[in-house]
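Peer 1: Before we start, here is the structure in question, set down as structure tokens.
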Amino acid sequence: MQQTSSSSFVLGNIAVLATLSEKYIHPENPLGIVENAALHVENGLIQWVGSKSQLPEILKELPYQDAEKAVVTPGWIDSHTHPVFAGERSGEYAERLRGVPYTEIAARGGGIRKTVEATRAASAEELYRSARYWLDEMLGYGVTTVEAKSGYGLTTQSELKQLDVLGRLQKDAAPEIVPTFLGAHEFPVEFHDRRDAYVDLIVEEMLPAVAEQGIARFCDVFCEKGWFDVDQSRKILLAAREYGLLLRLHADEFSPSGAAELAAELDAVACDHLMAVSDEGLARMAEKGVIAAVLPGTTLNLGLENFAPIEKMYEARLKVVLASDFNPGSCVCANLPLIAQLSAMRMRWVPEKLLPAVTSDAARSLVLDDRGRIEKGLRADLVLFDAPGIDYLFYHWGRNHAHRVFVAGKEHLPSHRNALFTS
């Protein structure tokens, strides 16, 4: 993406500004909408927000950018992705269309293990180029912050290689990256019959190396029947916490495995998937304030119908966020707005709850208090949508409505991307 910006400017002629700010939120205005709005950005931060009729005279002398009656929201935040990988698994997708379950494909060495083989063989530069491609695409949809995981190496060296790629991307790419260590994504082939030994490798070798490298902010574990059980997950997460990493889990995706309860026990920040979560798991998450991250693109991609129970989550007063789960196997879609549109369609997820799920609450799920809302002092992460109102973003599905994107006050213009497979 090419960048263009002024260090101080006014963005005006905004038809609908969804601030998500408590200053403007009330029962009749759950998104904190200001109509006919303007805002002032300086040095990457929002300095003033309000109706354009109330714009202070001193700000009228600054460079002006015309929003052309756009709908403006905070930059969208994708809080669960796997963009650093090599290879593709379209053949497995065709098998699933023919009725072969994902769990059967994984059990015979496909699934994550197939991507692990390709990722181990790829150079860091190859992984960087492909991940940069996907991040560029996400940014074009209005996603300005991305949580990004390792987890396709499953050796110390290869996991560090993936995290190093994410570290490079933190420095020279937009959107902004929040790196997560996911060495407990699967058991590698060489540890197929020595699962506890692989857990020991993560605890005794990988985690110290990850901590010394200093790139990862979170540690994640795939806690699920057939993958890492509750005891193994607890051991890894307790060790990760000792190294200063924040905790999150892949949880209860295929069966109620006790992962949600473990997330509450360990005060994890977030618990993701939850398609098969128990009522007890939801209750315990609510007691501890664990955020629920829902990934319906995976449900759709796997041909399943058991979407995460969002109504129960809201009834339990959980914070619920929406993420893409972009990965090369179970959700090959980097388009978070499309996932949101399909969620509205298939899950009856209403716009006034969907938008916080990809902005203000998504920021909380990554422990980022400097973004996700449009208010004074926060980062100027902004998306300008070509739409007549908020509802239209979810109603007109399959179209990219984002046409201008700002990350920390810098506008990023779409640039030509090299072909992924044919260059």
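Peer 1: Exposed loop sites here are GluC sites (Glu not before Pro) in DSSP loop states with at most 14 other C-beta atoms within 10 Å. What is the longest stretch of the chain lacking them?
Peer 2: Between exposed loop sites, the widest span is 69-304.
Peer 1: Pull up the DSSP beta bridges for the chain and report the antiparallel fraction as a percent, rounded to 5.
Peer 2: Bridges in the chain are about 45 percent antiparallel.
Peer 1: In nanometres, what is the gap between the two model label sites at SER90 and LYS312, each 7 Å from Cα along Cα-to-Cβ?
Peer 2: That separation, rounded to one decimal, is 3.8 nm.
Peer 1: Please compare each pair in LYS69/LYS353; LYS312/LYS410; LYS288/LYS353; LYS114/LYS312; LYS114/LYS288 to a cut-off of 32 Å on the Cα-Cα distance and tell me which ones are over it.
Peer 2: Result: LYS312/LYS410; LYS114/LYS312; LYS114/LYS288 exceed 32 Å.
Peer 1: Now for a separate question. Using just the helices of the chain, give the 222 nm mean residue ellipticity in deg cm²/dmol: DSSP H runs with n ≥ 4 each add -39,500 (n - 2.57), and the total is spread over all residues, rounded to 500.
Peer 2: It lands at -9500 deg cm²/dmol.
Peer 1: If you place +1 on the Cβ of every Lys and Arg and -1 on the Cβ of every Asp and Glu, how big does the dipole about the Cα centre of the chain come out, in debye to the nearest 20?
Peer 2: Computed about the Cα centre, the dipole is about 680 debye.
Peer 1: Ignoring everything but the protein chains, give the 1.4 Å probe accessible area of ARG404 in square angstrom, nearest 10.
Peer 2: Rounded to the nearest 10, that gives 40 Å².
Peer 1: Counting other C-beta atoms within 10 Å, and keeping those with at most 15, which DSSP coil trypsin sites (Lys or Arg not before Pro) do you find in segment 1-104?
Peer 2: Qualifying residues, ordered by number: LYS23, LYS69, ARG98.
Peer 1: A further question follows. With loop defined by DSSP as not H, G, I, E or B, and exposure as at most 16 other Cβ atoms within 10 Å, which is the longest segment of the chain clear of exposed chymotrypsin sites (Phe, Trp or Tyr not before Pro)?
Peer 2: Counting only loop sites that pass the neighbour cut-off, the longest clear stretch is 1-242.
Peer 1: Bin by bin, in steps of 20 Å, what percent of the Cα pairs in the chain do you find, going until the bin that has the longest distance?
Peer 2: Pair shares across the bins are 27, 57, 15, 0.
Peer 1: Also: So what's the net charge close to PRO30: Lys and Arg +1, Asp and Glu -1, counting the other residues with Cβ under 14 Å from its Cβ?
Peer 2: -2
Peer 1: Still on this structure: On a straight-distance basis, which aspartates and glutamates could pair with LYS161 in a cross-link, Cα separation under 16 angstrom, same-chain partners fewer than 8 positions away excluded?
Peer 2: Filter leaves GLU117, GLU125, GLU126, GLU205, GLU212.
Peer 1: What is the local net charge at ALA239, summed over the other residues whose Cβ is closer than 12 Å to its Cβ (Lys, Arg +1; Asp, Glu -1)?
Peer 2: Once all neighbours under 12 Å are counted, the net charge is -1.
The values are calculated or read from the model by the stated rules, or taken from the named source; none is laboratory data. Owing to the predicted nature of the structure, the values given are computational and were not obtained by experimental measurement. Note that we place each Cβ from the backbone using ideal geometry, even for glycine, and neighbour counts take in every protein chain shown. In case anyone asks, the SASA skips ligands and DNA or RNA and just uses the protein heavy atoms, side chains included. Shrake-Rupley method; radii C 1.70, N 1.55, O 1.52, S 1.80 Å.
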